[in-house]
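Participant: Got a structure for you, questions after.
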Amino acid sequence: MTDYAPAHTVEDFRRNLATVQARIDAAAQAAGRDPVGVRLLPVSKTVEVDRLRNAVTAGCTWFGENKVQEAKRKHAELSAVETIRSAHDAPGAGVKWSVIGHLQTNKAKDVASIADEFQALDSLRIAEALDRRLQLLGRGLDVFVQVNTSGEESKFGLPPGEVPAFIRELAPLSSLRVRGLMTLAALSSDTDRVRGCFTLLRDLRDRVRDDDPELLGPGELSMGMSGDFELAIAEGSTCVRVGQAVFGARATPDTHYWPN
């Protein structure tokens, strides 16, 4: 695995963002795709707010967080800065938040309050809890349905065969805007195995859209992280969730965020 140096200064972030974007562009072009069709979602888990402010200055407009409490705290801290500076100068002004980790029902109210997007929907109970909270707030939320394409028990997400019926169950929940599907590929050095996870998600998306074009909205695919996003783009990813290649290597192991 690449040992990414931590980014702290605005220049560090500008350099890392440019490097990642160049990789995205090259992967898209190699696949015969327009790079504009691939969104970079910087994953800021474990990164403190002072560094996030520099990332915003360098051009970040989205942050992805696995843990709701961490997202809530950072959202509040960046918002507090906005109250004492003009909207033009405030770090964090216009920043959007994507919650990309497993959600418990009692945290639905926080996601409904602060998130612009939720990428880990795999439970009707969570969907209904989010919808109730969003209805009370009078707002909507973009959501991705998480699919377990690797078959690993340690990963959350619906089995692929359950996805079409699940998406149909979301139709009455009017505050949820289904954008597409999300997956975590197998953590493996076997390129074919990793690619297979991405191919499975793309093919599943295509089958769902063939049956009912309205079910998945634009049919986006959120797949690919720092170590495998070129493969994901080759297989059709429209959103890559990149943490360490933007912010640097994390001291906290991934098991803290994706427990076995």
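Coordinate-derived values only; no laboratory data. Since this is a predicted model, take the numbers as computed values, not measurements. Every residue, glycine as well, gets a Cβ built from its backbone with ideal geometry; the counts of neighbours run over all protein chains shown.
Participant: Please list, by residue number, every one of the GluC sites (Glu not before Pro) in the stretch 1-76 that is coil in DSSP and has at most 15 other beta-carbon atoms within 10 Å. Present the calculation step by step, with values, prior to reporting the outcome.
Facilitator: Numbers: sites: 11, 48, 65, 70; in loops: 48.
Sparse-neighbourhood loop GluC sites (Glu not before Pro): 48.
Participant: Further, regarding this structure: How would you order 18-30, 193-205 from highest to lowest mean count of nearby Cβ atoms within 10 Å?
Facilitator: Values: 18-30: 15.3, 193-205: 19.5.
Answer by packing, highest mean first, reads 193-205, 18-30.
Participant: Tally Lys and Arg at +1 and Asp and Glu at -1 over the other residues with C-beta under 14 Å from the C-beta of residue 22: what net charge comes out?
Facilitator: Values: positive: 14, 15, 23; negative: 25, 230.
Surrounding charge for residue 22 is +1.
Participant: Length gain on complete extension for the stretch residue 19 to residue 48, per 0.36 nm per residue less the alpha carbon to alpha carbon distance?
Facilitator: On the way: separation 29, 0.36 × 29 = 10.44 nm, distance 2.19 nm.
Working it through step by step, the gained length comes to 8.2 nm.
Participant: Over 22 Å between C-alpha atoms is what I'm after, so list which of 74/96; 72/155; 74/109 land there. Walk me through the intermediate numbers first.
Facilitator: Numbers: 74/96 12 Å; 72/155 24 Å; 74/109 16 Å.
From 74/96; 72/155; 74/109, over 22 Å: 72/155.
Participant: For the stretch 10-248, what's the relative contact order in percent, using C-alpha pairs closer than 8 Å and at least 6 residues apart?
Facilitator: Working: 442 pairs, mean separation 47.9, N = 239.
About 20 percent, as a whole number.
Participant: Using Cα positions and a limit of under 20 Å, work out the aspartates and glutamates in reach of residue 107, with same-chain residues fewer than 8 apart set aside.
Facilitator: Reachable aspartates and glutamates: 65, 70, 77, 116, 117, 122, 128, 131, 142.
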